[in-house]
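Only one structure is covered here, and it is reproduced in the block below.
The values are calculated or read from the model by the stated rules, or taken from the named source; none is laboratory data. Bear in mind that the values here come from a model prediction, so they are computed numbers and not experimental data. Note that each Cβ is placed from the backbone with ideal geometry, even for glycine, and that neighbours are counted across all protein chains shown.
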Amino acid sequence: MIRLSAFADEISQDPKEQIEVLTRHGVKNIEFRAIHGANVLDLSEEQHQEFRSRLRDAGFGLSAIGSPIGKIRITDPFDEHLGRFARALDLADFHECPRIRVFSFYMPPGDDPADHRSAVVDRMAELAALAHDRGVVLFLENEKGIYGDHADRVQDLLAAVDSPALTHAFDPANYVEVGQSIDDAWTLLRPRVAHFHVKDYSEAQHRNVPAGEGDGQIPRLLEDAVRTGYDGFVVLEPHLIVAELSYGFTGPERFADAANALKRILDEKSIAFA
């Protein structure tokens, strides 16, 4: 079953506006990355309490904690980052959302990723073990500049860690941006995909575009995912106005374009969603 979600901070930093806009578009889940201009891991206990109450009152759930875990250089100290991860695990409990989005560490510019494979595997294995002990599943997202920006390294990392607590969040646009064949990536990683980010990228225009208008092959991938039994969230992360390493913005008006494009694809493919 496809369940729609969105990075609501792409709409606004105001949680009230996030929920209002998503409700208009029939989206009842949020990938919780930020509100009030602060990252999910940096919000106060009071802010989390208020947001949880707002979600419950509106009948909303969370698809994942959209954490920045793994968005440091592989050469940076890890102990402090583990403290951040502990916070993410606590928030997963607090929000009754046993799912956390993570990354696999930036490579120093010019370095061969193979030189850092062992360190990446060790760190990801530690994160997965901690998550497993807490009953949490990690969604490893591919992104430009990190160890797992190409499908073969994502596959190698998932196989090396070999934990049910570490799965893949497939982001088509991020693969397109690094020159990764979408066909190859999907064929290799489909059995590991437990989360799907709807972000498309046009190589000709050099920018993010609504789903189905770029080179990410999103209609075909969603159709194949459902055909082969995908049961999970499909998460809008459009980046239609701003697309930076740690920040994406679409705004309420352009979010309508993104949501309508996704729902049009699902309708055309006769894919049921909620």
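Listing for the model above:
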| item | result |
| --- | --- |
| Verdict on VAL193 being modelled with pLDDT of 95 or more and under 19 Å from LEU22 (Cα atoms) | no |
| Total residues in the range 28-75, condition on the phi < 0 side of the Ramachandran plot, assigned to a loop (DSSP other than H, G, I, E, B) and in contact (Cβ under 8 Å) with a residue 24 or more places away in the chain | 11 |
| Candidates ALA225, ALA243, ALA261 - the one that is more than 16 Å from MET1 (Cα to Cα) and at pLDDT 95 or above | ALA261 |
| Filter result (touching a residue at least 12 places away in the same chain (Cβ under 8 Å) and part of a loop (DSSP other than H, G, I, E, B)) within the range 77-95 | PHE78, HIS95 |
| Subset of the range 200-229 [charged (D, E, K, R) and surrounded by fewer than 19 Cβ atoms within 10 Å (Cβ to Cβ)] | GLU203, ARG207, GLU213, ASP215, ARG220, GLU223, ASP224, ARG227 |
| Residues within the range 142-199 that are out of contact with any helix residue (DSSP H, G or I) (no Cβ under 8 Å at 6 or more places or on another chain), in a helix (DSSP H, G or I) and either surrounded by 17 or more Cβ atoms within 10 Å (Cβ to Cβ) or not hydrophobic (A, V, I, L, M, F, W, C) (or both), tallied | 5 |
| Filter result for ALA125 (in the same structural domain as HIS95 (by TED's automatic domain parsing), within 27 Å of GLY83 (Cα to Cα) and surrounded by fewer than 16 Cβ atoms within 10 Å (Cβ to Cβ)) | no |
| Tally, over the range 149-164, of residues that are over 14 Å from PHE103 (Cα atoms) and in contact with a Leu (Cβ under 8 Å, 6 or more places away or on another chain) | 1 |
| Odd one out for ASP57, checked against (1) surrounded by fewer than 18 Cβ atoms within 10 Å (Cβ to Cβ); (2) under 25 Å from HIS239 (Cα atoms) | (2) |
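Let's see how each residue does on (1) over 19 Å from SER5 (Cα atoms); (2) modelled with pLDDT of 95 or more; (3) surrounded by 14 or more Cβ atoms within 10 Å (Cβ to Cβ):
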position	(1), (2), (3)
GLY61	no, yes, yes
ILE69	yes, yes, yes
ALA86	yes, yes, no
HIS95	no, yes, yes
ASP111	yes, yes, no
